[in-house]
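Quick notes on the structure that follows.
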Amino acid sequence: MIDTEKRKQPVGIEDFGKIRRENFYYVDKTAMIRDLLRKWGEVNLFTRPRRFGKSLNMSMLKAFFEIGCDPSLFDGLEISHEKELCEKYMGKVPVLSMSLKGVNGNDYDTARALICSVIGEEALRFYDVLISSSRLNDVEKARYKQLVMVDQANRESFIMSDAVLMGSLRTLSALLEKHYGSKVIVLIDEYDVPLSKANEHGYYKKMVLLLRNMFEQVLKTNESLYFAVLTGCLRVAKESIFTGLNNLKVFSITSVHFDQYFGFTDEEVKDMLSYYGLEDRYDAVKKWYDGYCFGDAEVYCPWDVICYCDEAADGKTKGPKNYWSNTSGNDSVRHFIEKMGNGIMRGEMETLIAGETVEKEIHEDLTYNHLYDSVENLWSMLFMTGYLTRRGGSDGDLFRLAIPNMEIRSIFIRQIMAMFREDVAKDGVLLKEFCDALEKGNAQKVETLFKTYLKKTISIRDTFARRPTKENFYHGILLGILGYKNDWYLKSNKESGNGFSDIFIYIEGADADTGIIIEVKYAQDRQLEQACRNAISQIDKNRYVEELKDEGCHTILKYGIACYKKECRVLVEKENICE
């Protein structure tokens, strides 16, 4: 039963105030405020993969510093113990806060209009204050109206001019400083999303120019700036949009400072699981969602832990599952696999899937328009976006990289299988030969052709996955092949007799209907022949053929298929059913 007194999990909620007011569970990251004030530079850039709490931390900063804030939101949290700091800063600073996460235009004009809208909405928050301010003159108020689209005949169609837009944040911060008599904090969340989308849709150079001018005016030549915080997935090279920004401090996933404030630490996850009575799920949660190394801190992906606890708290959800891949595309993984080929990269991919490490030189200062230019850039991108992580120390820019956990491994496997299925569909001759051999009970030919397919994808080695996981991989390869046989009735893990068969096939024929049962085994000890016999024995013992008999099959083929890396062995037993 769900304990209604327990705090709710903030799935998808990035508003700090809402989480605190509405009794959601909150993992206390407010010490970041203390460290930021002690360590801050004039412009601070935090780069982390998606779904690691960047937006929530930005909302927290706004809730703490902004004039008129609610101090009770921080009651009992770590920052509340810093009495002198709270007295000096809490609720004392005007804050400009915006997110560029939603700037997703298919063309430059649409993206530019979305940026105008984001800035206009932020400027509009201060309307009652600035439009009636006795400290602003008429000229300054007129400049403010250009930002909020006031006094326009058709407000919806109004778009700021380039000069107004590029200077908009600097203008707004100057007006706020004059009204409040205090310099301004600027928060820009997901600063690089417009660049990512511009690169996807072919207007990258225009977007770079726009953001470069905007950022230079608000971050470099802005006397009204107290300090700024930006977040994003990638640290975009200085020559791209941060030209001449000598006051920029970058805290990336390799930085020790602030390493524990993005993601959940092991103790934080243990506390959360204990709070919801899920202590027995710790090992599974750790295996699936832990493993990221930021600076000196090992952290879990908070999105995954929150989603899992939300579903598991009622006792219905048992095992972990993949939550991260559903939040956006995995194009970088696909690009990487497309470049894999049959040489060194394939071997490195197999090493990673096996839970081992590869050593690569990482460059953090990439630009979006060059991410896919080389394999070297792809390694760096996968590292910075969370698909790979660091293991151990580093030698300059040389890192030992690994797949963080089971969830990310499943994303790689899913992409590999998707591309394998595409390759299967391209070779109709091989597909027909394989299915014909399978239907005729030609075990030798099935074995030969299945080996051909195995050579087209990676192999699963022994150090990472348990036997059932490996068997599932080869099971998936078979399904990827057989799924294109449209005139076959095919089910996977079909309940039949006393258990579950791996693959269940029913073929309607002119003279006699044929049924096929396939049981896949992974030959951990490389005893392929014995593994095949064990598979067929399992089919007999669990009476997997019963449903095929009920369907009226006259011929039933029982296949045992054993695999080890790229080796396989196929045995078949034929059973004729007398009417």
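The values are calculated or read from the model by the stated rules, or taken from the named source; none is laboratory data. These numbers were taken from a predicted model, which means no experiment stands behind them. Heads up, the Cβs are rebuilt from the backbone with ideal geometry, glycines too, and the neighbour counts pull from every protein chain shown. Just so you know, the surface numbers come from the protein's heavy atoms only, side chains and all, with ligands and any DNA or RNA stripped out. Shrake-Rupley method; radii C 1.70, N 1.55, O 1.52, S 1.80 Å.
Observations
- Hits in the stretch 555-572 (condition: of a type outside the set (Ser, Thr, Tyr) and either surrounded by fewer than 17 Cβ atoms within 10 Å (Cβ to Cβ) or under 39 Å from the mean Cα position of the chain (by Cα) (or both)): Gly560, Ile561, Ala562, Cys563, Lys565, Lys566, Glu567, Cys568, Arg569, Val570
- Hits in the stretch 511-550 (condition: among the polar types (S, T, N, Q) and touching a Cys at 6+ places or on another chain (Cβ under 9 Å)): Thr514
- Residue in the stretch 143-155 that is open to solvent by 40 Å² or more (accessible area, probe 1.4 Å) and either under 30 Å from Leu234 (Cβ atoms) or among the aromatic types (Phe, Trp, Tyr) (or both) present: no
- Within the stretch 272-285, being closer than 17 Å to Cys301 by Cα and in contact (Cβ under 8 Å) with a residue 60 or more places away in the chain holds for one residue alone: Met272.
- Residues located in the stretch 241-287, provided they are of a type outside the set (A, V, I, L, M), part of a loop (DSSP other than H, G, I, E, B) and modelled with pLDDT of 90 or more: Ser252, Thr254, Ser255, His257, Phe258, Phe262, Gly263, Thr265, Tyr276, Gly277
- When every residue of the stretch 50-72 is checked against the conditions, at least one turns out to be in contact with a helix residue (DSSP H, G or I) (Cβ under 7 Å, 6 or more places away or on another chain), part of a loop (DSSP other than H, G, I, E, B), under 28 Å from Ala313 (Cα atoms) and not small (Gly, Ala, Ser).
- Hey, Leu478 under 25 Å from Gly560 (Cα atoms), over 27 Å from the mean Cα position of the chain (by Cα) and surrounded by fewer than 20 Cβ atoms within 10 Å (Cβ to Cβ) or not: no
- For the stretch 528-540, taking the residues that are over 18 Å from Leu557 (Cβ atoms) and over 39 Å from the mean Cα position of the chain (by Cα), the one that is surrounded by the fewest Cβ atoms within 10 Å (Cβ to Cβ) is identified as Glu529.
- Of the residues Lys456, Lys485, Lys494, Lys426, the single one that is open to solvent by 30 Å² or more (accessible area, probe 1.4 Å) and at pLDDT 85 or above is Lys426.
- Per-region count, the stretch 83-96, residues open to solvent by 30 Å² or more (accessible area, probe 1.4 Å) and either of a type in the set (A, V, I, L, M) or closer than 23 Å to Leu124 by Cα (or both): 2
- Just one of the listed residues (Gly105, Gly53, Gly68) is more than 23 Å from Gln260 (Cα to Cα) and in contact (Cβ under 8 Å) with a residue 24 or more places away in the chain, namely Gly105.
- All told, Gly17 meets the bar of being open to solvent by less than 10 Å² (accessible area, probe 1.4 Å), touching a residue at least 40 places away in the same chain (Cβ under 8 Å) and not aliphatic (A, V, I, L, M).
- Qualifying residue in the stretch 320-331 (condition: open to solvent by less than 30 Å² (accessible area, probe 1.4 Å) and β-branched (Val, Ile, Thr)): no
- Residue count for the stretch 194-223 under the criterion of being in a helix (DSSP H, G or I), under 27 Å from Val93 (Cα atoms) and open to solvent by 20 Å² or more (accessible area, probe 1.4 Å): the result is 5.
- Those residues of the stretch 365-403 which are assigned to a loop (DSSP other than H, G, I, E, B) and modelled with pLDDT under 85, in sequence order: Thr367, Leu371, Tyr372, Asp373, Ser374, Gly396, Asp397
- Residue count for the stretch 404-424 satisfying the condition of being not polar (S, T, N, Q) and not in a helix (DSSP H, G or I): 1.
- Enumeration of residues in the stretch 38-69 that are farther than 25 Å from Tyr292 by Cβ, modelled with pLDDT of 95 or more and open to solvent by 10 Å² or more (accessible area, probe 1.4 Å): Lys62, Ala63, Glu66, Ile67
- Matching option when the condition is among the acidic types (Asp, Glu) and open to solvent by less than 10 Å² (accessible area, probe 1.4 Å), among Asp280, Asp296, Asp304, Asp266: Asp304
- Selected residue (only one of Ser168, Ser99, Ser133, Ser182 is polar (S, T, N, Q), open to solvent by less than 60 Å² (accessible area, probe 1.4 Å) and in contact with a Pro (Cβ under 7 Å, 6 or more places away or on another chain)): Ser182
- The stretch 384-408 - residue that is free of Cβ contacts under 8 Å to residues at least 40 places away in the same chain and open to solvent by less than 60 Å² (accessible area, probe 1.4 Å) and, of those, farthest from Gly291 (Cα to Cα): Gly396
- With respect to being touching a residue at least 40 places away in the same chain (Cβ under 8 Å), of a type outside the set (Phe, Trp, Tyr) and farther than 23 Å from Leu245 by Cα, Val193 falls outside the description.
- Considering the stretch 81-175, the qualifying helices (runs of 4 or more DSSP H), each wholly inside and each with 1 or more residues that are over 28 Å from Lys197 (Cα atoms) and at pLDDT 95 or above, run over 83-89, 127-131, 138-148.
- Selection of the stretch 429-447 for residues being surrounded by fewer than 18 Cβ atoms within 10 Å (Cβ to Cβ) and within 20 Å of Tyr564 (Cα to Cα) yields Gln444, Lys445.
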